[in-house]
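Below: one structure, written as structure tokens.
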Amino acid sequence: TLRQTVTTAGTEVQLSTDSIPCKRVVIMAETDNTGLIAVGDVNVVASAGTQRGTILYAGDSFTARANNLNKIYIDSSVNGDGVAITYYH
């Protein structure tokens with residue numbers, strides 16, 4: 001399991017800057033998050049009113065098919081919120 005955080009809300013962050021091939025990924029918003037997490041591509045946005053991607057509240061999870069973790073991005077509505085990532089080859 002990996003962890004990724006959004007240091008600055010409104011700034012998309014790759015799940016991994018390294019190439020990590022996978023077939024499926026489970027992304028869970030950390031239970032202590034105080035804002036929203038958006039999961040999607042490079043255009044992901046968590047801010048209310050302009051949201052793009054799948055929105056996760058604290059403790060929510062999202063499962064997706066993906067061929068590489070570096071193609072998935074997250075954004076947060078609050079500085080420092082993050083996700084736990086489990087991926088399968």
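Structure values in brief
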{"quantity": "Å² of accessible area per residue within the chain, as computed with a 1.4 Å probe and no ligands counted", "calculated": "55 Å²"}
{"quantity": "The range 72-89 - phi-based ³J(HN,Hα) in whole Hz, Karplus 6.51/-1.76/1.60, Gly and Pro as x", "calculated": "10, 10, 10, 9, 10, 8, 9, 3, x, 5, x, 9, 9, 10, 10, 10, 10, 7"}
{"quantity": "Environment charge at Val26 (Cβ cut-off 14 Å; Lys +1, Arg +1, Asp -1, Glu -1)", "calculated": "+2"}
{"quantity": "Accessible area of the chain belonging to carbon and sulfur atoms, whole % at 1.4 Å probe", "calculated": "46 percent"}
{"quantity": "Dipole moment magnitude, nearest 20 debye, the chain about Cα centre, only Lys, Arg, Asp, Glu C-beta charged", "calculated": "360 debye"}
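The values are calculated or read from the model by the stated rules, or taken from the named source; none is laboratory data. The model shown is predicted, which means the values in this text are computed figures rather than measured ones. Glycine also receives a Cβ, built like all others from the backbone with ideal geometry; neighbour counts cover every protein chain displayed. Just the protein is used for accessible areas: all its heavy atoms, side chains included, with ligands, DNA and RNA removed. Shrake-Rupley method; radii C 1.70, N 1.55, O 1.52, S 1.80 Å.
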